[in-house]
Amino acid sequence: MTEVRPITTRNQTATRGRHVVALLKPGTTGILAQGSQILAASGVETRTGNIDGLRRNAGALKDVDILIVETDPKTDTSALKQLTEAFDIPIIAAIDGLSLADARHLMHLGIVDAIPLPLGEDDLAQALQAAYDVLANRPQAVRTGCATAFIKSVGGVGATVVATQTAGKLAQQLADTGKTACLIDLDIQFGSAALQLDLAPTTTMAELLRAGQRLDSELLGSVAVRHASGLYVIAAPPDVVPLEAVSTEMAVNIVRVAAERFDHIIIDLPGAWTNWSLDVLGCMDLAFLITELTVPSIRQAKRQLQLLDRHDMSKLPLRIVANRYERGWLKSVDTESAEQVLKRNIDHLIANDFRTISAAIDQGKLISEIKSKSRVERDLDALVNDIMGVARGHKGNGGNN
C-alpha cells in the first residue's frame with residue numbers, strides 16, 4: 001500500500017475551518033508539488049501518495065472535508081470514479097494540460113471542479129469556493145454529540161488533568177471509527193487544558209465570545225486545534241476574562257454548536273460557579289465531580305452536591321471521582337468515610353502517580369505514552385468506558401460508539 005504521508009500543517013482559518021488536503025504524486029514527478037507554497041498559504045495540507053493508496057486506506061480521509069488530487073483523466077478514469085463513489089467529500093482534480101473535454105469528463109465522474117497545472121492562486125480559490133458551496137448546500141441532519149462535563153470540588157484537585165487525559169484517551173479510541181472528540185476549556189480565567197497538552201493555539205475561546213450570535217460550526221471548527229491524540233481543543237483565552245463577560249445564552253450556544261460539529265464534547269468548567277454553569281450542566285449527558293480524599297476537598301464536594309440538589313439537577317448522570325487516590329495507610333480519608341459524608345458512592349478512583357502525570361503534562365503527551373499500562377492509565381480507561389457507555393444510549397449521532 002502506498003503510504004499517504006503528511007508534509008505540511010494547515011491554516012484552519014484560511015480554509016474556513018474545513019480540512020482540505022492536496023495529494024501530491026510521490027517523488028519529484030508531480031507538478032502540483034511546485035505549487036506547495038500556494039497550497040500552504042491557502043491553508044491546504046499536503047500529503048504524498050496516489051489514488052489507489054487512498055482507496056485501499058479509507059482511514060486516511062476520515063477527517064478530510066475536501067480533497068485535491070493530482071491526476072491524469074486519460075489513465076485514472078476508473079480510479080477517480082471509484083474514489084468519488086467511496087468518499088462522500090468534494091474532490092478537486094489538478095491536471096497538467098487541462099482541456100475543456102477533460103473538465104466535462106471529470107464532472108461526469110462526480111469531480112466538483114478541475115484546475116490546471118502549474119497551480120495558480122485564482123484557480124485554486126475558485127475551485128475551493130465550488131467545494132465550499134457543495135458542502136454548504138448539502139442537507140445535513142443536526143448532530144447532537146454526547147456531552148460530558150468535569151466539575152471541580154475545589155481548586156487544585158487535578159480536575160483539568162483528568163479532563164484532558166480522559167478526553168485524549170477518548171479521542172484515541174474513536175480514531176478508527178471516524179468519530180471526533182473536542183475538549184472545550186470553559187475555565188475562561190485560569191484554563192490550562194491547551195498548556196497541559198503542549199498546544200499553543202493562535203485562536204481561542206476569545207474568538208467565539210467575540211462572535212456572539214454570529215457563531216457557527218465553521219468558526220468553531222477554525223478555533224479548535226488538533227492534538228496528536230486526535231483530540232480537538234478549544235483553548236481558554238490568553239487573557240483573564242471576567243466571568244460575567246459570558247452570558248448564559250453565549251455559553252449554551254457554544255456547547256450547542258460544538259455538539260453539532262463533534263461526536264463527543266468534553267467541557268472543563270471553571271472552579272467558581274457562574275451565572276451560566278448550571279445551564280451548561282443542563283446540556284450535559286454526563287458529569288464527573290472531581291475531588292480528593294481529604295477533609296477540605298470532601299467538604300467542598302458535599303457543598304457542590306447540595307447546590308446541584310437545590311437546583312433540581314437530579315436527572316444529570318453524575319459520577320464522583322476521587323483523584324490522587326493513595327492505597328493503604330497513606331490515604332488521608334478512606335472511601336467509606338467519604339461516602340458517608342457525601343451520602344453517595346464514589347464511582348471512580350484515580351491512582352496518585354505524580355511522576356508519570358507530571359512528565360505527561362511537561363511533554364504535552366498522554367499518560368500512556370509516558371508509562372504504558374500504569375495503574376493511573378487503567379483508572380482513566382474506566383472514565384472513558386463510562387463516557388462510551390452513556391454515548392451508546394445517547395439519542396444523537398454521538399452514540400453507537
Suppose the filter is in a helix (DSSP H, G or I) and closer than 15 Å to A258 by Cβ; does A136 pass it? no
Filtering the range 49-74 down to residues that are over 16 Å from G120 (Cβ atoms) and modelled with pLDDT of 85 or more yields D65, I66, L67, V69, T71, D72
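Restricting the range 259-280 to residues that are over 30 Å from T177 (Cβ atoms) and in contact with a Ser or Thr (Cβ under 8 Å, 6 or more places away or on another chain), which is modelled with the highest pLDDT?
Residue satisfying both the conditions and the ranking: P270.
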Only one of these is over 15 Å from the mean Cα position of the chain (by Cα) and modelled with pLDDT of 95 or more: Q189, Q165, Q196. Name it. Q196
Residues that are among the acidic types (D, E) and under 19 Å from D185 (Cβ atoms): does the range 291-307 have at least one? no
Check on M205, more than 25 Å from V64 (Cβ to Cβ) and either touching an Asp or Glu at 6+ places or on another chain (Cβ under 8 Å) or among the small types (G, A, S) (or both): yes
What is the residue count in the range 352-374 for residues that are surrounded by fewer than 16 Cβ atoms within 10 Å (Cβ to Cβ) and either part of a helix (DSSP H, G or I) or at pLDDT 90 or above (or both)? 7
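Show me the strands (runs of 3 or more DSSP E) entirely contained within the range 237-346 in which 3 or more residues are in contact with a helix residue (DSSP H, G or I) (Cβ under 6 Å, 6 or more places away or on another chain) and closer than 20 Å to D386 by Cα.
Filter on the range 237-346 gives 264-268, 286-292.
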Pick from T77, T46: which is modelled with pLDDT of 70 or more, surrounded by fewer than 19 Cβ atoms within 10 Å (Cβ to Cβ) and under 17 Å from I91 (Cβ atoms)? T77
Mind counting the residues in the range 109-126 that are outside any helix (DSSP H, G or I) and farther than 19 Å from Q37 by Cβ? 5
What number goes with the only condition from (1) assigned to a loop (DSSP other than H, G, I, E, B); (2) modelled with pLDDT of 90 or more; (3) of a type in the set (D, E) that D381 does not pass? (1)
Criterion first (over 16 Å from the mean Cα position of the chain (by Cα), basic (K, R) and modelled with pLDDT of 95 or more) does K152 satisfy it? yes
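The values are calculated or read from the model by the stated rules, or taken from the named source; none is laboratory data. Just so we're clear, the structure is a prediction, and the values are computed from it rather than from any experiment. Here Cβ is always computed from backbone atoms with ideal geometry, including for glycine, and neighbour counts include all displayed protein chains.
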